[in-house]
Amino acid sequence: MRRAFVCLVAALLLLAGACTTTTPTASGPVTIAVTIANGKVSPSGAKYDVSKGSTVSINVTSDSADIIHVHGYEIEKDVVAGTPLSFTFTADQTGSFEIETHVVEATIATLNVR
Ligand SMILES: [Cu+2]
């Protein structure tokens with residue numbers, strides 16, 4: 001009896017593990033927190049899957065001046081060193097769009113809108 005219980009718990013733990021995903025997926029609002037420090041951008045190469053119509057918020061803190069570019073949506077925002085930047089847009093076009101920094105050349109994330 002006791003052994004069966006242990007097996008059940010182990011099975012549940014395995015199931016829980018199998019359900020975790022490494023790619024953030026959301027049908028609602030998504031917030032991407034970006035840090036630019038010492039010439040490095042974080043996150044780098046992240047992937048976000050969102051449903052069409054979702055609100056995407058991007059919050060940036062940086063120790064240097066830069067430009068954030070959301071491809072496809074053609075949003076460009078100037079980043080001022082030491083001044084937090086926040087902006088929001090609606091993911092109303094489907095497709096795969098890169099979000100980049102243009103001074104430190106980096107791909108922050110790819111936004112997949114379905
Ligand atoms: Cu770009």
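None of the figures in this text is laboratory data; all of them are computed from the coordinates on show. Because the structure is a prediction, the values reported are computed rather than measured. Here Cβ is always computed from backbone atoms with ideal geometry, including for glycine, and neighbour counts include all displayed protein chains.
About its Cα centre, what dipole magnitude does the range 23-113 give when the only charges are +1 on Lys and Arg Cβ and -1 on Asp and Glu Cβ, stated in debye to the nearest 20? Charge dipole of the range 23-113: 280 debye, to the nearest 20. The H on the amide N of residue 32, modeled in the peptide plane, is under 5 Å from the matching H of 57, 58, 59, each at least 5 residues off or on a different chain.
Take the Cα of residue 81, step 7 Å toward its Cβ, do the same at residue 103, and the gap between the two points is 0.7 nm. Taking amide H positions as modeled 1.01 Å from N, with prolines and chain starts lacking one, the residues under 5 Å from residue 106 and 5 or more places away or on another chain are 101.
With a cut-off of 16 Å on the backbone N, the residues of the range 86-114 near the modelled label site 7 Å out from residue 57 along Cα-Cβ are 86-91.
Listed by chain and number, the aspartates and glutamates whose alpha-carbon sits under 17 Å from that of residue 77, ignoring those within fewer than 8 places in the same chain, are 63, 66, 98, 100, 105.
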